1. If 73, 149 are ordered by their accessible area, calculated over protein heavy atoms with a 1.4 Å probe, which sequence runs from highest to lowest?
2. How far is it, in nm, from the label point at residue 160 to the one at residue 69 when both lie 7 Å from their Cα along the line to the Cβ?
3. Sum up the charges of everything whose Cβ sits under 13 Å from the Cβ of residue 132, counting Lys and Arg as +1 and Asp and Glu as -1, but leave residue 132 out.
4. Residue separation times 0.36 nm, minus the C-alpha to C-alpha distance between residue 276 and residue 261: what's the value?
5. Sort 132, 116, 207 by heavy-atom solvent-accessible area, probe 1.4 angstrom, most to least.
6. Identify which of 189, 264, 21 has the largest mean-square fluctuation in a Gaussian network model of the chain, with springs joining Cα atoms closer than 10 Å.
7. For the residue pair residue 30 and residue 171, what label-to-label distance in nm results when each label sits 7 Å from Cα along the Cα-to-beta-carbon direction?
8. First measure r as the distance between the Cβ atoms of residue 245 and residue 113, then evaluate 1/(1 + (r/R0)^6) with R0 = 25 Å and state the FRET efficiency to the nearest 0.05.
Amino acid sequence: VSANLRFGAWLTADSVINYINTNLSTLVLARILGASVAGGYNLAYNVAVVPPMKLNPIITRVLFPAFAKIQDDTAKLRLNFYKLLSAVGIINFPVLLGLMVVANNMVPLVFGEKWRGIIPILQLLCIVGLLRAVGNPIGSLLMAKARVDISFKFNLFKTALFVPAIILGGQWAGALGVTLGFLLVQIINTVLSYFVMIRPVLGPSYRQYVLSLWLPFYLSLPMLAVSYGLGLALSGHLPLVTLLIVQIAAGALTFAVTLALSRNALVVEIKRQLCRNEKLRTLLRAG
């Protein structure tokens, strides 16, 4: 019972710290620069950071019981954790990096010309959202190993960095400064996460950590090149709405082709699983 109470207490404390980290930047901006500047930042934040923050916990919580079942088999847990990390990246990297590329056209079209000023903020927050997304599975790993205390202590340390970074950033360069401070802390968090949270429970595996993040990034590169190139080549030649549709459609098609041609073992495994599920659905419909 005492072990369960400790686990619950650490989990609650960790959730409180995460909530503070999530809302702190907007509060600081509103305090330093006023509600209108905070509103623009909050708009970009809701587009780039909130959706993956809502989606990824669903994915990782579904897999938490599977992690818990193999918590004593470190080798198997390590293998499946890094697969999950790459899979989360494959979902988030193309969306957020693609959003970063088309932001110049999307913001004035979707939100109006008056919001052009948030474009660089949105682009930087796309990277923040991406780094937060790939950090999310670590929570399920630590829960499976009953080491939420590590997550709480690390989040406490991150908050100690976060507060001065966004305050100094806000005083130095307004909303953009807050965003840069946020991004800097997130980069530090991503680098240190391995040493503070992953290595203590999975053992030395830094190469696997880097490769699991590199995979979705390099899979997204052709998509980024095509979407960005079309944006440059067709700017001024097409209506904004048509250009945005072309960029998104061409980028999505390029990413789909890249996945189809990839011979990476994890990508092949994912494709095989999807084909198997599709065949099963076809058989069920036929029956």
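1. Greatest to least solvent exposure: 73, 149.
2. 4.0
3. Once positives and negatives cancel, what remains is +2.
4. Stretched out fully, the residue 276 to residue 261 stretch lengthens by 3.6 nm.
5. 207, 116, 132
6. 264
7. 2.2
8. Once rounded, the FRET efficiency stands at 0.85.
The values are calculated or read from the model by the stated rules, or taken from the named source; none is laboratory data. All values reported here derive from a predicted model rather than from experimental measurement. Cβ: placed from backbone, ideal geometry, glycine included. Neighbour counts: every protein chain shown. Surface accessibility is based on the protein's heavy atoms, side chains included, excluding ligands, DNA and RNA. Shrake-Rupley method; radii C 1.70, N 1.55, O 1.52, S 1.80 Å.
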